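**Student:** Just dropping this structure here.
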Amino acid sequence: MRRFLGLFLLGGLLVRAGVVTVAVAANASYAMPALIHRFIQTHPETTIRTVVGSSGKLTAQIRHGAPYQLFLSADMGYPEALRRSGEAVTEPKVYARGALVLFTAAPRNLSAGLKVLGDPSIRRIALANPRTAPYGRAAKEALQKSGLWKRLQKKFVYGESVGQTVIYALKAADAGLIAKSALHSPAFAAYRAGRNWVDVDPALYRPIEQGIVLLKAGASDPEARAFYAFLLGPEAGRIFRTYGYLRP
């Protein structure tokens, strides 16, 4: 506990009036600037700070006393675990459903979908670790249903989170299975649908339901509660959809 407290003191992340600190799964971080911009138009006295990481690491930090007030996870499992242990004060609710895309930095004909990954010229494939990352589990499911998982295993380069997987896909691999929301990063501005990326058939993986909870540190904070309500509301829903998500 002392180690985490010291870290957040140095980082200026102690809870104080007017500041809401939000733990955000890496895939959702791309949409956060637009969401925050819209929220502060009606709450100009509120400052929203985000801490981005893998859902598993953020959960561990919360359990060790990190003073986050909201948690946006990449799945429902981590928020539910925090509810059961008492760190979360609300039932997990789905704020968005994520989607997978197949990405290649070099232009290719991607009309064959995941079967492209069997091409000998693709030697390294980036995906999030299926053991810890929800998008990695979805990628594994899609590859298994396509009959490609065992055949391609020697090519896999695992990222700790979707964010790290995106970096690998851009710089260290020939292809990657990444969150569709990442395509809205400035790093992807020059890449085009059909040439550099294509949607992975959603029938190949279970829906990636992403959960939000209000944490103990935000339970009595009206600004944290207001941002929580906003993220589940229709305006946020429209923003999430522009970033490649589906809404429940």
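**Student:** Scanning for something surrounded by 18 or more Cβ atoms within 10 Å (Cβ to Cβ) and not assigned by TED's automatic domain parsing to the domain that holds Gln61, does region 183-195 turn up at least one residue? Give the derivation first.
**Tutor:** Initial filter on region 183-195 (surrounded by 18 or more Cβ atoms within 10 Å (Cβ to Cβ)): 183, 188.
Still in the list and also not assigned by TED's automatic domain parsing to the domain that holds Gln61: 183, 188.
Looking for residues that are surrounded by 18 or more Cβ atoms within 10 Å (Cβ to Cβ) and not assigned by TED's automatic domain parsing to the domain that holds Gln61, one finds at least one in region 183-195, hence yes.
**Student:** Still on this structure, I have one more. If you scan region 97-115, which residues turn out to be at negative phi and under 25 Å from the mean Cα position of the chain (by Cα)? Spell out how you get there, then give the answer.
**Tutor:** Taking region 97-115 and keeping what is at negative phi, we get 97-112, 114-115.
Within region 97-115, Arg97, Gly98, Ala99, Leu100, Val101, Leu102, Phe103, Thr104, Ala105, Ala106, Leu110, Leu114 meet the criteria.
**Student:** Between Leu152, Leu117, which is hydrophobic (A, V, I, L, M, F, W, C), free of Cβ contacts under 8 Å to residues at least 40 places away in the same chain, assigned to a helix (DSSP H, G or I) and assigned by TED's automatic domain parsing to the domain that holds Lys180?
**Tutor:** Details: Leu117 fails: free of Cβ contacts under 8 Å to residues at least 40 places away in the same chain.
The conditions single out Leu152.
**Student:** Can you find, within region 131-149, the residue that is farthest from the chain's Cα centre (by Cα) among those that are in a loop (DSSP other than H, G, I, E, B) and exposed (fewer than 15 other Cβ atoms within 10 Å of the Cβ)? Explain how you work it out, then say what you get.
**Tutor:** Restricting attention to region 131-149, the residues satisfying the condition of being in a loop (DSSP other than H, G, I, E, B) are 131-133, 146-148.
Now narrow it down to the ones that are exposed (fewer than 15 other Cβ atoms within 10 Å of the Cβ): 131, 147.
Working: Arg131: 15, Gly147: 26 Å.
Only one residue tops the list, namely Gly147.
**Student:** Among the residues of region 120-130 satisfying the criterion of being at pLDDT below 95 and in a loop (DSSP other than H, G, I, E, B), which is surrounded by the fewest Cβ atoms within 10 Å (Cβ to Cβ)?
**Tutor:** Filtering region 120-130 for residues that are at pLDDT below 95 and in a loop (DSSP other than H, G, I, E, B), the one surrounded by the fewest Cβ atoms within 10 Å (Cβ to Cβ) comes out as Pro130.
**Student:** Also, I was wondering about something else. Hey, among Ala66, Ala105, which residue is in contact with a helix residue (DSSP H, G or I) (Cβ under 8 Å, 6 or more places away or on another chain), in contact (Cβ under 8 Å) with a residue 40 or more places away in the chain, under 29 Å from Phe188 (Cα atoms) and surrounded by 16 or more Cβ atoms within 10 Å (Cβ to Cβ)? Show your work before the answer.
**Tutor:** Details: Ala66 fails: under 29 Å from Phe188 (Cα atoms).
Going through Ala66, Ala105 in turn, the sole match is Ala105.
The values are calculated or read from the model by the stated rules, or taken from the named source; none is laboratory data. Given the structure is predicted, the values throughout are model-derived calculations rather than measurements. We place every Cβ from the backbone using ideal geometry, glycine too, and count neighbours over all the protein chains shown.
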